[in-house]
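Q: Here it is, the structure in full.
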Amino acid sequence: MKKQQKILFISGSPRKGNTDFVLAEIFKAVNDVDKELILLREKNIEFCRGCLACHHKPECIIKDEMSEVLRKVKTADILVIGTPNYFDNVSGLMKNFMDRTHPFYKQELVRDKKLILVYVGAGDEEGTKKYLDFAFYGFVKYLKLKLLGTYVFKSLDVGDLKAEKISKEIKDIVKKIN
């Protein structure tokens, strides 16, 4: 019997908007998997202190809700991470999340974990993809993640996106997950 995949969805949006909408549509479209959605805005996660204690042991010394998030990242088979585009960059919540995954770096605790990136914003799609791919470059490279694809959804105001408008992209993402 095939092991059921664990998919962890992570939203770096500070509000309930289009990034959450896209992740929810993907979440609904994926079946027969163990799945969970984490909204970073609902977590008490401090900033990385740059102390490098995690270079000597595979955990962060900061005792906050990131410990639970890191555990879930470690046990997931696939990560689907979404962020809004803020000034051609990831949100502050997402950057903080990326910084706090540093304990995975030295021990290669998430090496070859599959990753799908979802970007949402009003900028032109080509620029959003270029600059947000660049923002995630070190995260993917140093954690040795296996990037399955990046997807850009153009929108600004909450409710801009409709399920029928993005169904093709959602189907493509679901194919990559399965």
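We did not get these values from a lab; they are worked out from the coordinates using the rules stated. Everything numeric in this text was worked out from a predicted model, so none of it was measured. Don't worry about glycine lacking a Cβ; one is built from the backbone with ideal geometry, like all the others, and counts go over all protein chains shown.
Q: Run the numbers on the chain and let me know its relative contact order in percent, using alpha-carbon pairs under 8 Å that are six or more apart. List each step's numbers first, then the result.
A: Values: 304 pairs, mean separation 46.4, N = 178.
Contact order relative to length: 26 percent.
Q: Can you tell me which aspartates and glutamates have their Cα less than 14 Å from the Cα of residue 114? Leave out same-chain residues fewer than eight positions away.
A: Result set, ordered by chain and number: 77.
Q: Next up: What pairs in 35/106; 63/130; 3/168; 28/57 have C-alpha atoms more than 31 Å from each other? Before the final figure, lay out the partial values.
A: Values: 35/106 27 Å; 63/130 35 Å; 3/168 28 Å; 28/57 37 Å.
Cα-Cα > 31 Å for 63/130; 28/57; rest within.
Q: Taking N as the number of residues in segment 27-71, what value does Rg over Cα atoms divided by 2.2 N^0.38 Å take?
A: Cα Rg divided by the expected 2.2 N^0.38 Å: 1.53.
Q: Which residue, 27, 90, 62, has the largest displacement toward the positive end of the dipole of segment 21-178 when charges sit on each Cβ (Lys, Arg +1; Asp, Glu -1)?
A: The residue sitting farthest along the positive end of the dipole is 62.
Q: Here are labelled values, (1) 20.1, 67; (2) 20.1, 64; (3) 15.7, 49, and one is the computed Rg and Dmax of the Cα atoms in Å for what I pasted. Which one?
A: (3)
Q: I want the antiparallel fraction of DSSP beta bridges within the chain, as a percent rounded to 5. Can you show the working numbers first?
A: Numbers: 0 of 26 bridges.
So the antiparallel bridges in the chain amount to around 0 percent.
Q: Sticking with this structure for a sec: Separation of segment 105-178 and segment 1-76 by C-alpha centroid, Å?
A: If we compute the Cα centre of each part, the gap is 15 Å.
Q: At a 10 Å Cβ-Cβ cut-off, how would you order 94, 66, fewest neighbours first?
A: So the residues, fewest neighbours to most, are 66, 94.
Q: Another question, if that's okay. Taking every Cα atom in segment 19-116, find the radius of gyration and the maximum pairwise distance Dmax, and write them in Å.
A: Final numbers for Rg and Dmax: 14.1, 41 Å.
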